[in-house]
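The values are calculated or read from the model by the stated rules, or taken from the named source; none is laboratory data. Only a predicted model underlies this, so the values are computations on that prediction, with no experimental measurement involved. Every residue, glycine among them, receives a Cβ derived from its backbone with ideal geometry; neighbour counts consider all protein chains shown.
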Amino acid sequence: MTATARLPSPALRRPRTVLVGTLFASATAAMVYFGVLALYVSRRAEARLLGIEWFPEGVVELGPSGWIFWTLIMSSFTVQWAVQAIRNEDRPNAYVALGLTMLFGAAVFNQMWFILNDTGFALDASEAQFLFFVLNGTFITFLILAMAFLFLTALRAMFGQYSPRQNDGVPAAAMFWHTVAAMYWVTWIAVYVTK
Amino acid sequence: MTMTESPPSEAAESTEPVAATPGAGLYDALTTSDHKAIGRIWLRLGLLLLLGVAVLGVLVALEGTSADGADVFGGVNAVWQMQGLYSVGLVLLVVPALTIGLATIVVPMQVGSSNIAFPRAAAAAAWGFVVGVAIMVVSVLAGGGWGALDGVSGGEADAIELTLLGMGMVAASILLACICLATTVVSLRTPGMGLMKTPLFAWSILVSASVWILTLPVLIANLIIIVVDLRGGPLLFGNPEGTTMIFDQVHWVLEQPAVFVLGIPVLGIIGSIVPVVAGARHIAHAGLMAAIGVAGLLAVGGWSQPAFSDQRDELLFVAFGLLAVVPVLASLALNSLTLAKAGPQVGLPPAQLLGALGAGLLLLLGTGAGALRVIGPFDLIGTGADAGVVHLVAYAAVVGLAAGMWFWASKIGGYALPNAAGLGVMLDFIGAAVLMGAAHVLIGFDFASGLNDAMAWVVFVGAILAVLGALGVVSSVASAKRSGDEPGDDPWHGHTLEWATVTPVPAGNFVGALARVTSEAPLLDVAEQADSDEGGAS
């Protein structure tokens, strides 16, 4: 038996309040978003039943939306990289990972903006175009919230908070980020792939 | 460092006993991060809203007593708007405010925590709710509401958008408060208190907060789409001039199964009061937790909105309606067995016991009426039975919450509420619920027009009883505060940790560290241990 195995057990970890709170907040955000998505899908199903064309052929392309899909997958890896780095007290890696994740977020925002302009949709043109705007607008709102959460977490880390035993904030921000990424992955299949 | 950044045990050790802040001013109320002060903001607002909604209920009921309309509000639009405000007020304002108020005060103490999780967010939720309510009420009075029947002017169309904004703020505030409460129960329980040893009221709040977290965001999603549509969309939900489509899009939150969430804390309150009155442990604590959990599952309601095609004829909707009776019945049966084990009670029952059992029976009636409502051949959906279910369930919640206020009065405000007044209040509310609920259900059956007219007057009498009950609560609290009687730290010989602290409850809740909890009734464990030690010594 090594000497360290005979040491007294560490004190109880502090309750993971931030992480649990973020879990509930993420559930709330997901329900808002999927509520909008469910309304979108149900109205589209109704339109199809009535034989109404939802989007004109070829207007909503799979390519740009696919880039968002893959960018968010990469961002999910980088945000977990930040979580692991802060657990290992490897701050330089944590800062790089958080910065990269925010960069990916900015790229997603940029690509989303491109899609909204590229389609040439108008808010009041049709039910499909209106709901497309609302859905993407809601996603962008949550994306901005997730980026703000990451930014604040990065600031707190830079000012010396978080340690291997006290790092709730980073996994919490990562959890919210994954939730936002998952929103898009479902949307990509439900809106862009199946159209 | 905020208190929530320390584990409960450490926070309890480091907390000096400080007297509760008496009569804090507006600045203190706005800046407080003490869960008891935040809870009192919710409770005061809840009581004010209860009084206002009860008075509005009398006017709405008076309007309903005449086939031609009593013209109380001066126009068909105003009648429709006030009916909407009354329904939304009862389901989204009064009961959530009282529930969150009571929970914000009691739950942290029950789980042995020094404060609620994210106290500043909890305070922001309370004030956000105040602002949301103000926007909603003012905008409805300005001609807003949830659409209009006979046309609106330009200003009134803006008021409709404001009403929806206010409703969204109210929903968001309830959600924020729910996140704080649920996090408190999940992560701030004292050492030894596993989830299965959580007191029933705290457990019921975790369940109802989770149900609200699954349901209210769907309402917010609806509101986002409607408001953007009104601001510049293709008017999917109808031009607000002369349509009820906006109300149709959101009214699922005022119906079963979503409305059953109001009854879940009632099951927790009954489960907290009954063993204390009986002076014994619950015969099946785990069974009661399971019943509350199942009631929660059956109260998730976002899926049942008409926007997702008409779900009301589908098997799932019918199954949810029929099964909702089961957990309520199971909970009442288990509580009754606990009471029966203690033997017959002599003399007047304490107000909280009458209220708890009355609330349970009202909830049973409400879920029973809901079960009748989903049975196709009765054809009750879209009739008075809708309002019948809402009244029975919402007033079951009001009675249960009033019972909770009488039970935990010493921890809420450091006073004791008078038992005789409490009995009157409980009977008032129970009478109001039975009269309004049963009369609406009978109107739904539409047996005869003469009977319907008589039932409309019964609803009116029930509404007056509700006002008397609300006045009774307000006057009881006012007189108890004036009397200055000190109820003692543990007037009922309670079983859970909120009774382990002094009255008035100090900042930080507990003086000194709490011992490790070994069961769901830690103070009963202590009493039993003391009894057995005494028995051994003699």
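Counting only residues that are more than 11 Å from chain A (Cβ to nearest Cβ) and assigned to a helix (DSSP H, G or I), how many does segment B:194-210 have? Residues meeting the conditions: 11. From the residues in segment B:177-193 that are more than 7 Å from chain A (Cβ to nearest Cβ) and under 16 Å from the mean Cα position of the chain (by Cα), which one is farthest from B:Val250 (Cα to Cα)? Per the criteria, the residue is B:Leu181. Of the residues contained in segment A:91-112, one or more are found to be in contact with a Pro (Cβ under 7 Å, 6 or more places away or on another chain), closer than 29 Å to A:Phe130 by Cα and touching a residue at least 40 places away in the same chain (Cβ under 8 Å). Residues that are at pLDDT 70 or above and more than 8 Å from every other protein chain (Cβ to nearest Cβ) within segment A:4-18 comprise just one, A:Val18. Being assigned to a helix (DSSP H, G or I) and in contact with an Asp or Glu (Cβ under 7 Å, 6 or more places away or on another chain) holds for only one residue in B:Asp386, B:Asp428, and it is B:Asp386. Mind checking whether some residue in segment A:113-136 is more than 14 Å from every other protein chain (Cβ to nearest Cβ), aromatic (Phe, Trp, Tyr), out of contact with any strand residue (DSSP E or B) (no Cβ under 8 Å at 6 or more places or on another chain) and closer than 19 Å to A:Val191 by Cα? Looking for residues that are more than 14 Å from every other protein chain (Cβ to nearest Cβ), aromatic (Phe, Trp, Tyr), out of contact with any strand residue (DSSP E or B) (no Cβ under 8 Å at 6 or more places or on another chain) and closer than 19 Å to A:Val191 by Cα, one finds at least one in segment A:113-136, hence yes.
Rundown of residues vs (1) at pLDDT 95 or above; (2) buried (at least 20 other Cβ atoms within 10 Å of the Cβ), yes/no style:
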| position | (1), (2) |
| --- | --- |
| B:Leu417 | no, yes |
| B:Phe429 | yes, yes |
| B:Ala432 | yes, yes |
| B:Ser449 | no, no |
| B:Ala454 | no, no |
| B:Phe460 | yes, yes |
| B:Ala463 | yes, yes |
| B:Gly469 | yes, yes |
| B:Asp490 | no, no |
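Within segment A:57-70, identify whether any single residue is closer than 24 Å to A:Leu145 by Cα, away from chain B (no Cβ under 14 Å) and loosely packed, with under 13 Cβ neighbours inside 10 Å, and answer yes or no.
So far as segment A:57-70 goes, yes, one or more of its residues are closer than 24 Å to A:Leu145 by Cα, away from chain B (no Cβ under 14 Å) and loosely packed, with under 13 Cβ neighbours inside 10 Å.
Report the residue count in segment B:211-238 for those that are within 8 Å of another protein chain (Cβ to nearest Cβ) and either within 17 Å of A:Asp124 (Cα to Cα) or of a type in the set (D, E, K, R) (or both). The total comes to 8. Do the conditions hold for B:Pro96, that is, is it out of contact with any Leu (no Cβ under 6 Å at 6 or more places or on another chain), within 14 Å of chain A (Cβ to nearest Cβ) and not in a strand (DSSP E or B)? Considered against the rule, which asks whether it is out of contact with any Leu (no Cβ under 6 Å at 6 or more places or on another chain), within 14 Å of chain A (Cβ to nearest Cβ) and not in a strand (DSSP E or B), B:Pro96 comes out as no. Every condition in (1) surrounded by 14 or more Cβ atoms within 10 Å (Cβ to Cβ); (2) modelled with pLDDT under 95; (3) closer than 30 Å to A:Pro56 by Cβ holds for A:Thr194 except the one numbered (1). Within segment A:42-56, the residues that satisfy the criterion of being surrounded by fewer than 16 Cβ atoms within 10 Å (Cβ to Cβ) and not small (Gly, Ala, Ser) are A:Glu46, A:Arg48, A:Leu49, A:Leu50, A:Ile52, A:Glu53, A:Pro56. Checked against the criterion of being within 14 Å of another protein chain (Cβ to nearest Cβ) and surrounded by 24 or more Cβ atoms within 10 Å (Cβ to Cβ), the candidates B:Gln305, B:Gln352 yield just one match: B:Gln305.
Condition first: out of contact with any strand residue (DSSP E or B) (no Cβ under 8 Å at 6 or more places or on another chain) and within 27 Å of B:Ala463 (Cβ to Cβ). Can you find one or more residues in segment B:104-112 that meet it?
So in segment B:104-112, the residues out of contact with any strand residue (DSSP E or B) (no Cβ under 8 Å at 6 or more places or on another chain) come out as B:104-112.
Those still in the list that are within 27 Å of B:Ala463 (Cβ to Cβ) too: none.
The answer is no; no qualifying residue exists.
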